[in-house]
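See below for the structure under consideration.
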Amino acid sequence: HVAIVASSDGLARLFVNGTEEGTPVAVGSLAGAATRWMVGSNSGGGSGGSNSGGGTSAGSIVFSGGLASVTGSSATKKDKQFFSFVAPAGATLLRVEILPDSNGKYADLELEDVVTSLTVVELEPSETGVSVRSGLPIVAGRSYSLRMRAPRLDPVGFTVNLAVS
């Protein structure tokens, strides 16, 4: 038995067979018909939106002083790593930067607004040469899903730096 318990502008908690698992995650307002939850799976399942089709829920992004960083790796373009965050209070703009791995390779990035299912930004540095985007509009208290994956069939590591203002 699996249950997710959440309170509006509070925390979401995961329970498996009655035992709390993982780390509680802050959530924004749960009111409104457009509210949608994305639940990741280590078995490759997935649900809804453009950030779907299998992958691993890799964790939550936590901002400190308006900055956050995530690192990881993707074995192939089918190996999607998902991260989530709630935009901090007062945040209206976002800067996203992908750094190359130790071999100079870049991962692909897609950031989605979980409420509207709209893509905020998609970066494919190995194709376009663009690895940074600034001035991206975000909504304080809203949930976002960050998808990272290798651009091809060979593995790639990644570091993503995020800054809000």
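For the stretch 90-158, which trypsin sites (Lys or Arg not before Pro) are both in a DSSP coil and crowded by at most 13 other Cβ atoms within 10 Å?
R152
Note that the stretch 79-158, at 37 °C in a medium of 0.692 mPa s, gets a Stokes-Einstein diffusion coefficient of 249 µm²/s from its Kirkwood radius over C-alpha pairs. In the neighborhood of T56, defined by Cβ-to-Cβ distances under 12 Å, what is the net charge if each Lys or Arg adds +1 and each Asp or Glu adds -1? Net charge in that neighbourhood comes out at +3. Each Lys or Arg adds one and each Asp or Glu subtracts one; over the other residues with Cβ under 14 Å from the Cβ of A140, this totals -1.
FYI, it's all coordinate maths here, none of it is from the lab. This structure is a prediction, so every number in the text was calculated from the model and none was measured. When we count neighbours, we look across all protein chains shown, and the Cβ atoms used for this are built from the backbone with ideal geometry, even at glycine.
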